[in-house]
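Enquirer: Mind having a look at this structure? Questions to follow.
The values are calculated or read from the model by the stated rules, or taken from the named source; none is laboratory data. Model, not experiment: these values are computed from the prediction. Neighbour counts are summed over all protein chains in view; Cβ atoms, including those assigned to glycine, are modelled from backbone coordinates with ideal geometry. Each accessible area value is taken on the protein alone, full model and side chains, heavy atoms only, with ligands, DNA and RNA left out. Shrake-Rupley method; radii C 1.70, N 1.55, O 1.52, S 1.80 Å.
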Amino acid sequence: MADTRPSWDEYFMRIAKEVATRATCPRRSVGAVIVLDRRILTTGYNGAPHGLAHCTEVGCKIVDGHCQRALHAEQNAILQAALNGVSTRGATVYVTCQPCNACAKMIINAGIERVVFEGDYPDPFAMELFEEAGMELVRLRDGVAELLFPGRKRRERGCE
């Protein structure tokens, strides 16, 4: 009998899509799930910092076409890990949209080694950062995984 279960990438992306339903910035609903060894470490969605008014309550603060009030889903997922003392080294992040370059830098510095995303975002510099950092980058489209960068062993850096 054939296995009809979703692949692990599809499974965690479905969870990321559910997480996105909690987003509080109406400009874009994005969800992120950080996973290590097929176990969820943290989740995040785009919205205002803890304890502050959400865009859905007071409106977006738009500067140069971007909402300044909301953190991105990837940022919130990484910050939740830091807040709770959870290492993200060697993890995979599943994101419902291609990360921007600011999130790409945070993902790289958080020690995350693999990024799986679905939707596009117009930020080619983020893609350059992932490639230069040796990240494994996968785009899911209709359940089909497209390997954009195969990833490589990242060098350890000491204090510079």
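Enquirer: In nm, to one decimal, how far is the Leu83 label point from the Ala102 one, both placed 7 Å along Cα→Cβ?
Expert: That separation, rounded to one decimal, is 1.8 nm.
Enquirer: Mean separation of Cα pairs under 8 Å and 6+ residues apart, divided by the residue count of the range 8-160: what relative contact order is that in percent?
Expert: On the way: 323 pairs, mean separation 27.4, N = 153.
It rounds to 18 percent for the range 8-160.
Enquirer: Moving to a separate point now. Can you match Cα extents along the principal axes in Å to one of these, (i) 52, 49, 32; (ii) 54, 41, 29; (iii) 72, 34, 31, based on a calculation from the structure here?
Expert: Recomputing Cα extents along the principal axes in Å here picks out (i).
Enquirer: Please give, to one decimal in nm, the separation of the simple spin-label points placed at Arg28 and Glu57, each 7 Å out from Cα toward the Cβ.
Expert: 2.4
Enquirer: About the Cα centre of the range 2-61, what is the dipole size in debye to 20, counting +1 per Lys and Arg Cβ and -1 per Asp and Glu Cβ, all else neutral? Present the calculation step by step, with values, prior to reporting the outcome.
Expert: Values: 9 positive and 6 negative charges, 37 e Å.
I would put it at about 180 debye.
Enquirer: Charges only on Cβ, +1 for Lys and Arg, -1 for Asp and Glu: so what's the dipole of the range 45-136 about the Cα centre, in debye to the nearest 20?
Expert: Numbers: 5 positive and 11 negative charges, 87 e Å.
Roughly 420 debye, rounded to the nearest 20.
Enquirer: If you place +1 on the Cβ of every Lys and Arg, -1 on the Cβ of every Asp and Glu, and leave all else neutral, what size is the dipole of the range 6-160 about its Cα centre, to the nearest 20 Debye? Walk me through the numbers before you get to the answer.
Expert: Details: 19 positive and 19 negative charges, 73 e Å.
With Lys and Arg at +1 and Asp and Glu at -1, about 340 debye.
Enquirer: What nm value, rounded to one decimal, do you get for the distance between Glu131 and Thr4 when each label is placed 7 Å out toward the C-beta?
Expert: Here the modelled spin labels are 4.1 nm apart.
Enquirer: Sticking with this structure for a sec: Using only the Cα atoms of the range 11-57, build the gyration tensor, take square roots of its eigenvalues as a ≥ b ≥ c, and label the shape rounded, prolate or oblate: rounded if a/c is under 1.5, else prolate if a/b is larger than b/c, else oblate.
Expert: On the way: a/c = 4.11, a/b = 1.94, b/c = 2.12.
Cα axes put the range 11-57 in the oblate bin.
Enquirer: For Cys97, which sequence-distant residues (separation of 5 or more, or a different chain) have an amide H within less than 5 Å of its own amide H, given hydrogens modelled in the peptide plane?
Expert: Gly31, Glu118, Gly119
Enquirer: Heavy atoms only, probe 1.4 angstrom, no DNA, RNA or ligands counted: give me Cys103, Cys60 ranked by accessible area, highest first. Walk me through the numbers before you get to the answer.
Expert: Working: Cys103 0, Cys60 45 Å².
From most exposed to least exposed: Cys60, Cys103.
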